[in-house]
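Down below is the structure, laid out as structure tokens.
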Amino acid sequence: MRTDRDRTAYLRMYEQEKAALHARLATICEDDYRSRFELVNSALAGGYARGSMLSPSELRYDLVKTYSFAVPCEEALATLSSLGPIIEMGAGTGYWAYLLRKRGVDIQAYDKHPGNNPSNRYKFTKTWTSVIEGRPGKLKKRGNRALFLCWPDYDTDFASRSLECYTGNTVAYIGEGSYGCTGDAAFHTTLDREWDEVANIRLPQWQGIHDELYVYRRKTV
């Protein structure tokens, strides 16, 4: 049976190991999510062999709350850049919009509860660039822009509503397929029925996550 002394010692070792990892993360440029992701993944992989106490889910969520559910890569950013001008709905912290704006992309970013707004269900801790409060209805007059959705909720109609309101011809979607934890069933059904997939880019993925960047063009009648 674990004693109070055992629990105290365990917690002390856990905090020491976590602090050491965060000290290493602090040496990486603040806006470099990709490198921080790779460092955490490397630490976790090495930790399994030595009996690490670090929690993969906790470390992932720490970075998600600061950056995004999806980890960027050069190919994905280049592909999105080629689609501009863009309107992003559900931009969260604005991290992807921030990276695209650094590349000179014209992107309008909206979210129901932008960035670190206390009402945001994901408890984001940072805002990287300007994200305007807005909902899918904003898309009705933005058909001249490509629609970008990054990890839309799977347990609401947000994704399907965005697709329903959007009048343009290009959708860039980061998430899992119809089997996964992003986008509602109606969203995936509409994509299959009314849109053609024209690009598919694999992203750096957290363990157990299968998100990719998909680009779609509206089918012609």
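Throughout, read-outs are computed from the coordinates displayed, never taken from laboratory work. Being a predicted model, the structure only gives us computed values, none of them experimental. Counting neighbours? That spans all protein chains shown, and the Cβs are built from the backbone with ideal geometry, glycine included.
To the nearest 10 degrees, how steeply does helix 33-50 sit against the main Cα axis of the chain, on a 0 to 90 scale? That helix lies at roughly 40 degrees to the long axis. For the peptides 191-203, 122-134, residues were scored by their other Cβ atoms within 10 Å and the scores averaged per peptide; the highest-first order is 122-134, 191-203.
Reported to the nearest whole Å, the Cα centre-to-centre distance from region 92-165 to region 187-207 is 18. Within the chain, antiparallel bridges make up roughly 50 percent of the DSSP beta bridges whose residues both belong there.
Summing Cβ point charges (Lys, Arg +1; Asp, Glu -1) relative to the Cα centre of the chain gives a dipole of roughly 440 debye.
In order along region 156-168, the phi-based Karplus estimate (6.51 cos²θ - 1.76 cosθ + 1.60, θ = phi - 60°) of 3J(HN,Hα) comes to 9, 8, 4, 5, 5, 5, 4, 5, 5, 7, 6, 10, x Hz; Gly and Pro are listed as x.
Can you pick out the pairs among Lys138/Lys219; Lys112/Lys140; Lys102/Lys140; Lys18/Lys65; Lys102/Lys126 whose Cα atoms lie more than 19 Å from each other? Lys138/Lys219; Lys102/Lys140, as the Cα separations exceed 19 Å there. The antiparallel fraction among DSSP beta bridges confined to region 125-221 stands at about 75%.
Applying both filters, DSSP loop and at most 12 other Cβ atoms within 10 Å, to the chymotrypsin sites (Phe, Trp or Tyr not before Pro) of region 148-179 gives Tyr179.
Computed from Cα atoms, the angle from the helix 56-66 axis to the main principal axis of the chain rounds to 50 degrees. Adding -39500 (n - 2.57) for every DSSP H run of four residues or longer, then dividing by how many residues the chain holds, sets the calculated 222 nm ellipticity at -12000 deg cm²/dmol. Our coupling estimate for region 18-27, obtained by passing each phi through the Karplus curve with A = 6.51, B = -1.76, C = 1.60 and θ = phi - 60°, is 5, 4, 5, 5, 5, 5, 5, 4, 5, 7 Hz, Gly and Pro reported as x.
Among (i) 86, 39, 30; (ii) 42, 42, 30; (iii) 69, 34, 32, which is the computed Cα extents along the principal axes in Å? Calculated Cα extents along the principal axes in Å: the matching label is (iii). Residues whose amide H falls under 5 Å from that of Ile87, counting only those 5 or more places apart or on a different chain, are Gln108, Ala146, Leu147, Phe148, with hydrogens built in the peptide plane.
In percent, rounded to a whole number, the relative contact order of the chain is 15, using alpha-carbon pairs under 8 Å and six or more apart.
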